[in-house]
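Have a look at the structure below before the remarks.
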Amino acid sequence: MRLKSLEIKGFKSFANETILHFNADVTGVVGPNGSGKSNVVDAIRWVLGEQKSSQLRLDKMASVIFNGTKRRKEGQMAQVTLTFDNTKNILPTDYTTVAISRILYRSGESEYRLNGVTCRLKDITSLFLDTGIGADSYAIIALNMVEDMLSDREQARRRMFEQAAGVSKYKARKHETQQKLEATAADLDRVEDLLFEISDQLKKLEKQADRAQKYYELKAEYKTISIELAVHNLARHKKTYKELEGQITREEDNYRSTEAMARLLEADTEAKRKSHTDKETSLSDQQQEVNQLTGRIRGKENEKAMLEQKRTFINNDLLRLKDQVTHNTQTLRSLEDEIEGYQTDVNYERNQEAEFEIALNEAQKNLEKVRADHNLMKGNLDEFIKEQQGLEREIVELEKTKAIQTSQIESLKRDVERTLGDIALRRAEMTTLEKNLAEQNKAESLQSAKISDLESVENKRKSDLEAAEKQQDTLSKKLADHNRALDARRNEFKLTKSMVESLEGFPESIKFLSQDKEWAKRCPLLSDMLYVREEYRIVIENYLENYLNYYVVPDAAEAMKAIGLLGQSQKGRANFFLLDAFRDYQAPLALFSGGLRAADVVEVEPQYRPLMEFLLENVVISDEPNPPANTPGDMVVLSKAGTYVKRKFSMSGGS
């Protein structure tokens with residue numbers, strides 16, 4: 001393995017790209033003092049991974065970048081490439097030519113490359129570990145290393161002998177292995193802590209799993225019992241429904257038979273009412289005949305009274321006639337006495353007696369006739385009386401029959417009313433049963449709907465449970481990934497925090513001044529007080545790169561105080577912006593049609609706004625990929641992509 005070439009660009013005094021070819025005829029590099037011979041050695045040490053700025057004779061690592069001169073602008077990055085010939089395969093790689101590069105940007109970003117591929121410093125160290133070449137190896141001897149070996153400072157001779165004997169690489173590997181073991185032990189402690197936490201969580205999860213299992217068992221039992229209860233209730237409701245249906249059928253049959261009986265009773269009642277009407281008509285006719293007979297009887301009685309009166313008259317006449325006969329007899333006797341004298345009178349009297357005898361015969365005939373009429377009338381009267389008594393008996397019987405029929409009619413009416421009441425009651429019961437049946441049907445439909453709803457809810461719950469379990473598994477995986485990422489982030493955060501707290505990459509002056517937290521809070525760095533949107537951050541930081549490490553102090557007295565502290569402690573130099581000098585500053589109005597004012601994309605507190613206006617005075621950001629042909633006045637045009645910076649008479653850019 002042989003050193004082939006060294007390419008230096010922007011490193012210390014090498015502003016331009018410089019390539020040193022180490023051919024077979026090259027044995028050394030000579031030159032006057034200050035020509036950069038030591039910088040060549042520093043470049044080789046730096047590209048091999050030197051991290052201490054003091055070993056490179058610098059106050060800070062950023063000082064390796066070309067700082068510029070009065071005629072030349074400072075560089076934005078430092079790059080060193082070291083090329084080796086690996087034809088003998090001393091390096092553990094298949095390449096015959098191995099080129100290692102280190103690049104440091106002024107923004108503080110750094111990267112290593114192996115044959116143009118980005119890699120880690122550890123990869124380069126591991127590659128050259130068996131060759132004895134390294135940033136701190138004695139293959140590259142600086143000026144102060146000879147004194148260290150002669151004075152044996154910090155066991156320099158031992159390190160040189162170990163490197164020459166090849167022991168240092170094993171010590172390095174041992175140290176790396178010990179660090180790995182310590183890291184592994186720390187990881188094991190962390191794993192034990194995690195296992196302890198996980199065991200506690202597992203106990204809780206086991207309890208929760210037991211509870212969940214018990215819940216599922218109770219849920220299944222509840223579902224089974226609910227289904228059995230629903231089936232039992234459904235069977236009971238069906239049985240009740242059948243009983244009610246049979247009872248309704250019986251009640252309907254009873255209702256039909258009762259209705260038929262009521263119709264028969266109504267027909268019978270109607271027939272009896274018709275018969276009763278006929279009987280009442282007949283009774284009325286008989287009553288009329290009785291009235292007629294009573295009138296006739298009364299007429300006969302009147303005739304009888306007249307005949308009695310006539311008989312009385314006749315008896316009176318007979319008595320009068322008897323008296324007259326007596327008187328006539330007496331007269332006859334008197335006349336017999338006077339017969340003789342009255343012979344003529346006797347004849348006359350005889351004629352008159354004959355007439356009287358004729359009249360008496362006629363009277364007797366009339367009397368016999370009257371007697372015969374009286375006997376006839378008496379017989380008729382007896383017949384009428386008998387007939388009247390028979391009619392009265394019939395009337396009494398009819399009245400009895402009427403009373404019986406009336407009581408029967410009233411009883412039938414009460415039976416009809418009672419039957420109608422029973423029918424109404426049966427109808428009400430039937431309506432109630434129909435309502436109960438409808439309610440039972442409705443309850444059955446509701447229970448069926450509830451059962452279907454419960455089944456759908458149970459199915460949905462099962463699907464939700466499966467989805468929740470899947471989601472839980474997914475979330476558990478995500479949680480594990482998140483915990484791993486969180487641990488990585490925490491480690492990264494701790495590393496970043498330690499780097500920020502230790503101000504890695506910053507000059508010793510900034511680290512010294514930042515130790516005073518109150519002063520650092522009162523006088524922040526320019527990089528700490530501004531905020532730029534992500535899309536404009538790179539271009540603004542590149543433009544303000546020379547000022548990002550400046551402190552912003554209230555006035556010159558504060559700056560002098562800090563400068564005095566740095567001078568006493570020998571901690572290097574620092575730059576300051578005097579905030580009171582910008583108090584009355586007004587940024588000039590600049591118009592540029594094709595871009596955005598750079599000051600508008602930077603967010604700072606109000607007291608720092610004049611300073612930011614000053615730093616970004618006449619600076620605009622353009623979205624155009626090509627710079628404008630002409631820029632007015634002192635206008636500075638920045639590419640949004642960071643590819644170029646265009647001024648009036650100059651332009652810069654690159655990667």
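The values are calculated or read from the model by the stated rules, or taken from the named source; none is laboratory data. Computed from a prediction, not measured in an experiment: that's the story for all the values here. FYI the Cβ positions are ideal-geometry reconstructions off the backbone, even for glycines, and counts take in every protein chain you see.
Only a single item in (1) modelled with pLDDT of 85 or more; (2) closer than 30 Å to GLU444 by Cβ; (3) surrounded by 12 or more Cβ atoms within 10 Å (Cβ to Cβ) is not met by ALA212, and it is number (2). Which residue pairs have Cβ atoms under 7 Å apart, sit 6 or more places apart or on different chains, and have a first residue in segment 449-461 that is surrounded by 12 or more Cβ atoms within 10 Å (Cβ to Cβ) and a second that is part of a helix (DSSP H, G or I) and among the basic types (Lys, Arg)? From residues that are surrounded by 12 or more Cβ atoms within 10 Å (Cβ to Cβ), the pairs are GLU458/LYS223. Counting residues in segment 627-642 that are loosely packed, with under 12 Cβ neighbours inside 10 Å, assigned by TED's automatic domain parsing to the domain that holds VAL553 and either within 20 Å of ILE540 (Cβ to Cβ) or modelled with pLDDT of 75 or more (or both) gives zero.
Every residue, every condition in (1) over 23 Å from VAL117 (Cα atoms); (2) among the aliphatic types (A, V, I, L, M), yes or no:
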{"site": "LYS4", "(1), (2)": "no, no"}
{"site": "GLU17", "(1), (2)": "no, no"}
{"site": "VAL64", "(1), (2)": "no, yes"}
{"site": "LYS73", "(1), (2)": "yes, no"}
{"site": "ALA78", "(1), (2)": "no, yes"}
{"site": "LYS88", "(1), (2)": "no, no"}
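Taken as a whole, the condition of being basic (Lys, Arg) and part of a loop (DSSP other than H, G, I, E, B) applies to ARG71. Taken together, VAL552, VAL620 contain a single residue that is in contact with a Gly (Cβ under 9 Å, 6 or more places away or on another chain) and either among the β-branched types (Val, Ile, Thr) or assigned to a helix (DSSP H, G or I) (or both), which is VAL620. Taken as a whole, the condition of being assigned to a helix (DSSP H, G or I) and farther than 27 Å from GLN389 by Cβ does not apply to ALA305.
Do any residues in segment 258-275 that are farther than 25 Å from THR401 by Cβ have Cβ atoms under 9 Å from those of residues that are among the basic types (Lys, Arg) and part of a helix (DSSP H, G or I), where the two are at least six apart or on different chains, and which pairs are they? Close Cβ pairs satisfying both conditions: THR258/ARG426. Annotation for segment 262-276: at least one member residue is at pLDDT 75 or above, under 28 Å from LYS435 (Cα atoms) and over 57 Å from the mean Cα position of the chain (by Cα). Just to check your reading of the model, which residue among GLN586, GLN570 is at positive phi and exposed (fewer than 12 other Cβ atoms within 10 Å of the Cβ)? Only one candidate passes the filter, namely GLN570. The test for being within 46 Å of the chain's Cα centre (by Cα), surrounded by fewer than 12 Cβ atoms within 10 Å (Cβ to Cβ) and at pLDDT below 75 does not hold for LYS517. A residue that is touching a His at 6+ places or on another chain (Cβ under 6 Å) and buried (at least 16 other Cβ atoms within 10 Å of the Cβ) cannot be found anywhere in segment 71-81. Quick check, is GLY595 surrounded by 14 or more Cβ atoms within 10 Å (Cβ to Cβ) and more than 57 Å from the chain's Cα centre (by Cα)? Judged against the criteria, GLY595 is not a match.
Filtered by the rule that a residue be part of a loop (DSSP other than H, G, I, E, B) and among the aromatic types (Phe, Trp, Tyr), segment 34-68 gives a lone residue, PHE66. Taking the criterion of being free of Cβ contacts under 8 Å to residues at least 12 places away in the same chain and surrounded by 10 or more Cβ atoms within 10 Å (Cβ to Cβ), the residues of segment 10-29 that qualify are ASN16, GLU17, THR18, VAL26, VAL29. For segment 108-142, the candidate set comprises residues that are polar (S, T, N, Q) and more than 29 Å from GLN76 (Cα to Cα); within that set, the residue that is modelled with the highest pLDDT is SER126.
Scanning segment 95-113 for residues that are surrounded by fewer than 16 Cβ atoms within 10 Å (Cβ to Cβ) and part of a loop (DSSP other than H, G, I, E, B) returns TYR95, THR96, GLU109. You will find that of ALA15, ALA43, the residue that is under 25 Å from ASP123 (Cα atoms) and among the aliphatic types (A, V, I, L, M) is ALA43 and no other.
Would you be able to say whether some residue in segment 576-584 is in a strand (DSSP E or B), within 22 Å of ASP555 (Cα to Cα) and either at pLDDT below 80 or in contact with a Cys (Cβ under 9 Å, 6 or more places away or on another chain) (or both)? Yes; the residues of segment 576-584 include at least one that is in a strand (DSSP E or B), within 22 Å of ASP555 (Cα to Cα) and either at pLDDT below 80 or in contact with a Cys (Cβ under 9 Å, 6 or more places away or on another chain) (or both).
Could you tell me which numbered condition GLU206 fails, if it satisfies all but one of (1) closer than 30 Å to SER476 by Cα; (2) acidic (Asp, Glu); (3) over 36 Å from the mean Cα position of the chain (by Cα)? It fails just one condition, (3).
Return yes when GLU243 is assigned to a helix (DSSP H, G or I), under 30 Å from ARG427 (Cβ atoms) and modelled with pLDDT of 85 or more and no when it is not. The answer is yes for GLU243.
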